[in-house]
Amino acid sequence: MKRDGMTMLEQMLEAVGIVSAVLCAGLQIYYGVVYAAPVLNLVMNVAVLILVYAGLTLLALYPERVNGLSAEVCTGRIRKYTVQMVRLIKRIFVLSVLFTSVCDVMGIEMNKGYSLIVVILIVAVTAFYEYRIIKILRNNRGK
């Protein structure tokens with residue numbers, strides 16, 4: 001899906017994210033069939049994946065909602081950084097779920113710390129971009 005302001009690289013990364021999400025859903029179904037997992041668990045896993053992916057996609061389309069800014073304030077670099085942050089978080093989420101799905105299908109048990117590492121990575125990305133956005137907002141307030 002082509003959006004305004006997306007470079008070819010961003011379009012390719014978005015396509016990789018979509019394919020990864022579909023692959024995750026397929027692997028969850030495969031896992032459920034092969035390992036006789038409860039249907040409710042599979043439905044919940046796929047539903048969470050779809051809802052989080054859709055939510056992050058909507059935030060990338062409406063970046064002013066991320067920081068609660070008005071559309072007039074959320075322009076230029078603030079908008080650019082917010083969109084980059086949301087897209088990067090979406091990629092991290094989908095790729096981490098894909099990795100765990102592949103490990104599940106292969107019968108590899110994940111270390112409990114893996115989820116913590118993913119959360120720390122997402123928080124670090126958020127903190128990095130939010131720092132940059134807050135810095136811009138403070139500089140603009142002084143003018």
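For segment 1-72, what is the accessible area per residue in Å², given a 1.4 Å probe and the full set of protein chains? Walk me through the numbers before you get to the answer.
On the way: 4800 Å² over 72 residues.
Result: 67 Å² per residue.
Defining a contact as two alpha carbons under 8 Å apart and six or more residues distant in sequence, what relative contact order in percent does the chain show? Can you show the working numbers first?
Details: 84 pairs, mean separation 37.9, N = 143.
27 percent.
Suppose we flag GluC sites (Glu not before Pro) only when DSSP calls them loop and at most 11 other Cβ atoms lie within 10 Å. Which is the longest uninterrupted stretch of the chain?
Values: sites that count: GLU72, GLU109.
Free of exposed loop sites, the longest segment is 1-71.
Accessible area of the chain with a 1.4 Å probe: how many percent of it is carbon plus sulfur? Don't skip to the answer; put the middle values down first.
Values: 6410 of 9320 Å².
Percent of accessible area from carbon and sulfur atoms in the chain: 69.
For LYS80 and ARG141, FRET efficiency with R0 = 22 Å and r from the beta-carbon atoms, rounded to 0.05? Show your work: numbers first, answer last.
Numbers: r = 19 Å, r/R0 = 0.86.
My answer for the efficiency is 0.70.
Per residue, how much accessible area does segment 93-137 have with a 1.4 Å probe, in Å²?
Values: 2880 Å² over 45 residues.
On a per-residue basis, 64 Å².
What is segment 1-73 by shape, rounded, prolate or oblate, if you read a ≥ b ≥ c off the alpha carbon gyration tensor as root eigenvalues and call it rounded for a/c under 1.5, prolate for a/b larger than b/c, and oblate otherwise?
oblate
The values are calculated or read from the model by the stated rules, or taken from the named source; none is laboratory data. The structure displayed is predicted, hence computed values, not measured ones. A quick note on method: Cβ atoms are made from the backbone with ideal geometry, for glycine too, and the neighbour counts reach across all protein chains shown. Keep in mind that these areas ignore ligands, DNA and RNA; they rest on the heavy atoms of the full protein, side chains included. Shrake-Rupley method; radii C 1.70, N 1.55, O 1.52, S 1.80 Å.
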